[in-house]
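Written below as structure tokens is the structure these notes are about.
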Amino acid sequence: MELELRKESYVFYDTGLDMTGTREEMYDAIVPDALPDILRIVESHGVAMINTREMRESRLIVTGTVRASVIYVPESGEGLEHLTLSIPFTHEFEMNPESRGVLLCSVELQSIDSRTINPRKVLVRTTVRIDARSIDQRSFSLCTDVNAVGREDVQLLKQSYLVRMPCAAKTKSFAISDELEMSSSNPPAAEILKWSCKTTSGEYNIVGRKVIFKATLSIKLLCKGRGPGNDVFTSQIELPFSQIIEADGLTEGAQCFIWLQPENVSVELNGESGGRILSVSADIEAQLSAYAPKRLETIADLYSTSMRSVVDSRPYEFTELVDLETKRQTIRDTVETDTPVRYVLDMEVLFEEPTVSREQGFIRAETTADVRILYVAEDGGIYHASRRLPVSVRSEAPDGSGCRVRVASASEAFSAAAISGAEVRFDACFDLEATRRRNIFAVHSARLEPYGEDAPLRPSVVLKYPQRGESLWSMAKRYNSAEADIRAANDLEPGDEPNPDELLLIPKRR
């Protein structure tokens, strides 16, 4: 006879594809006729963006563009000029064709450099890192009770687990735009030599199935000023915005991780503003992953005191959140230069792909920061210098857990002239998402069969000294009793464990 069991279904999300790829591109560029010949290259700069994501059979194809600027001193030896380039890239991932979950893709520029082939031609090399992850919706049903009246012979060992499971995953694309005024402390801008952007999510609130979050698009510029001196200066502006993402599975109290991926950003001078107003527009994809506490109720074991029990127990596997935290590491060091520094014009930090290692209950996330400065030397010339610095953080994590890491510069970097070059200071912000695979072994189904002539002979009462580690459940099951009957016969309160030095009375249930 099949025992009818009451079941409860749980819906959650699990990681399907989780891969990182690196793509290097070489790009030849010709100096346009309107620009002068190149005397020397000062700096190469770029911003990586995603264009498309496309599934083709068992492949995920990600395309994007690096918006690059090559800043150089012209043949006259005076001032700065720049080339603006769009360098395309494509990367393919192998993936399970049955995966049809939420696709989360991001791209970051890891390095860019250039060299002159001749005064009218440059070779630019870029390296981008592409992260791709699919979050698939899954479910399982756990047996929680016997769905039958009057089955007092069936004894249940129930177990409850409080876990933090992925409860929601969603992406949302949106556009923002505005006219932003540059700082009055800067001269009017004649042209933009380079720009970089960073999107940062801030506070969020969950209301029903919606998460409302605040964020900021920060844009840093290197501009050439108007006037006879054509002074070069830096400026930074911010465009705050807020958005709403609606996702099934969101509950109040969930922990949300929101990553903002710029897909198409345009920064231009408003031609009618006299070099004071910037026209900014951006297409952004918000990527939400959320974890919520869930209590899983299960039947760990069962038996009947009157019939033979045939129990089918199975493992139920899912991903559990261990910790979601942000750690900052402040780096102070010196970038050596070939010529004495009068003052630093600009500084940026690029991070290599982070690695994760384990050390006795901790995980260590490590990366290398490529620190780049653009400076004005004592001779009045503008030069570029760089230095690679190791950065790492540690975080507690149990054995068997894994960790996804994203690294970015957490705040505006600082740099100033020093004796041997330039002093630099910046914060490396590590977003750590530690998870582990969890297995719960529980009853899937059960069948009861009447005893025949082979029915076991059990005494009406058993007197026994419990062995160390032996539970009331195991003794009750062995001697055809019930845990509640043993407690009642021995005046044991709920939660009391058997004492190996005390004799237990174990009555057989009739």
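Return yes or no: is Leu350 over 30 Å from Leu5 (Cα atoms), under 24 Å from the mean Cα position of the chain (by Cα), in a strand (DSSP E or B) and modelled with pLDDT of 90 or more? Yes, satisfied. Check segment 268-281 and report whether any residue there is over 36 Å from the mean Cα position of the chain (by Cα) and among the polar types (S, T, N, Q). Within segment 268-281 (the criterion being over 36 Å from the mean Cα position of the chain (by Cα) and among the polar types (S, T, N, Q)), the answer is yes, since at least one residue qualifies. For Phe430, the conditions (1) among the aromatic types (Phe, Trp, Tyr); (2) surrounded by fewer than 19 Cβ atoms within 10 Å (Cβ to Cβ); (3) under 30 Å from Lys198 (Cα atoms) are fulfilled apart from (2).
Note on segment 68-79: residues that are in contact (Cβ under 8 Å) with a residue 60 or more places away in the chain and crowded, with 19+ Cβ neighbours inside 10 Å amount to 3.
Using the structure shown, decide if Ile212 is within 24 Å of the chain's Cα centre (by Cα), assigned to a strand (DSSP E or B) and not basic (Lys, Arg). In short, yes. Considering only residues in segment 383-423 that are acidic (Asp, Glu) and closer than 25 Å to Glu325 by Cβ, the one that is farthest from the chain's Cα centre (by Cα) turns out to be Glu412.
Being more than 23 Å from Pro240 (Cα to Cα), of a type outside the set (A, V, I, L, M) and in contact with a helix residue (DSSP H, G or I) (Cβ under 9 Å, 6 or more places away or on another chain) is true of Gln155. In the set (1) in the same structural domain as Leu217 (by TED's automatic domain parsing); (2) part of a strand (DSSP E or B); (3) of a type outside the set (Ser, Thr, Tyr), Val311 fails one condition alone, (1). Pairing each residue of segment 143-172 that is among the acidic types (Asp, Glu) with any residue that is part of a loop (DSSP other than H, G, I, E, B) and surrounded by 18 or more Cβ atoms within 10 Å (Cβ to Cβ), provided the two are 6+ apart or on different chains, yields C-beta distances under 6 Å for Asp153/Thr305. Inspect segment 382-390 for any residue being free of Cβ contacts under 8 Å to residues at least 24 places away in the same chain and either assigned to a loop (DSSP other than H, G, I, E, B) or in contact with a strand residue (DSSP E or B) (Cβ under 6 Å, 6 or more places away or on another chain) (or both) and give the result as yes or no. Yes, some residue in segment 382-390 is free of Cβ contacts under 8 Å to residues at least 24 places away in the same chain and either assigned to a loop (DSSP other than H, G, I, E, B) or in contact with a strand residue (DSSP E or B) (Cβ under 6 Å, 6 or more places away or on another chain) (or both).
Any idea how many residues of segment 434-463 are modelled with pLDDT of 90 or more and either within 30 Å of Pro354 (Cβ to Cβ) or basic (Lys, Arg) (or both)? Within segment 434-463, residues that are modelled with pLDDT of 90 or more and either within 30 Å of Pro354 (Cβ to Cβ) or basic (Lys, Arg) (or both) number 7. When restricted to residues that are more than 30 Å from Asn51 (Cα to Cα), of a type in the set (Ser, Thr, Tyr) and out of contact with any Asp or Glu (no Cβ under 6 Å at 6 or more places or on another chain), segment 132-177 contains 3. When you scan segment 194-209, do you find a residue that is in contact with a Pro (Cβ under 8 Å, 6 or more places away or on another chain), over 27 Å from His45 (Cα atoms) and of a type outside the set (S, T, N, Q), even just one? No, because not a single residue in segment 194-209 is in contact with a Pro (Cβ under 8 Å, 6 or more places away or on another chain), over 27 Å from His45 (Cα atoms) and of a type outside the set (S, T, N, Q). Is it true that some residue in segment 457-465 is under 25 Å from Arg308 (Cβ atoms), among the β-branched types (Val, Ile, Thr), over 48 Å from the mean Cα position of the chain (by Cα) and not in a strand (DSSP E or B)? No, segment 457-465 contains no residue that is under 25 Å from Arg308 (Cβ atoms), among the β-branched types (Val, Ile, Thr), over 48 Å from the mean Cα position of the chain (by Cα) and not in a strand (DSSP E or B).
Results for (1) outside the structural domain of Thr234 (by TED's automatic domain parsing); (2) assigned to a strand (DSSP E or B); (3) closer than 30 Å to Leu472 by Cα, shown as yes or no for each residue.
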{"residue": "Val124", "(1), (2), (3)": "yes, yes, no"}
{"residue": "Thr144", "(1), (2), (3)": "yes, yes, yes"}
{"residue": "Lys158", "(1), (2), (3)": "no, yes, yes"}
{"residue": "Ala169", "(1), (2), (3)": "no, yes, no"}
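From Lys172, Lys198, Lys194, which residue is more than 18 Å from the chain's Cα centre (by Cα) and either at pLDDT 95 or above or of a type in the set (D, E, K, R) (or both)? The match here is Lys194. Of everything listed in (1) at positive phi; (2) surrounded by fewer than 18 Cβ atoms within 10 Å (Cβ to Cβ); (3) in contact (Cβ under 8 Å) with a residue 12 or more places away in the chain, the single unmet condition for Arg468 is (1). When segment 466-510 is filtered for residues that are of a type in the set (A, V, I, L, M) and assigned to a loop (DSSP other than H, G, I, E, B), the ones remaining, listed by number, are Ala482, Leu492, Leu503. Within segment 30-61, the set of residues being of a type in the set (A, V, I, L, M, F, W, C) and within 24 Å of Val267 (Cα to Cα) comprises Ile30, Val31, Ala34, Leu35, Ile41, Val42, Val47, Ala48, Met49, Ile50.
Only one entry in Glu203, Glu246 is free of Cβ contacts under 8 Å to residues at least 12 places away in the same chain, within 22 Å of Leu324 (Cβ to Cβ) and surrounded by fewer than 20 Cβ atoms within 10 Å (Cβ to Cβ), namely Glu203. Within segment 217-252, the set of residues being β-branched (Val, Ile, Thr) and either outside any strand (DSSP E or B) or in contact with a Leu (Cβ under 8 Å, 6 or more places away or on another chain) (or both) comprises Ile219, Val232, Thr234, Ile237, Ile245, Thr251.
Taking segment 391-400 as the range and being surrounded by 18 or more Cβ atoms within 10 Å (Cβ to Cβ) and touching a Lys or Arg at 6+ places or on another chain (Cβ under 6 Å) as the test, only Val393 passes. Does Ser44 satisfy the criteria of being on the phi < 0 side of the Ramachandran plot and surrounded by 20 or more Cβ atoms within 10 Å (Cβ to Cβ)? So Ser44 fits the description; yes.
The values are calculated or read from the model by the stated rules, or taken from the named source; none is laboratory data. Note that the structure is a prediction, hence the values are computed from the model and not measured. Positions of Cβ are backbone-derived with ideal geometry, glycine not excepted, and every protein chain shown enters the neighbour counts.
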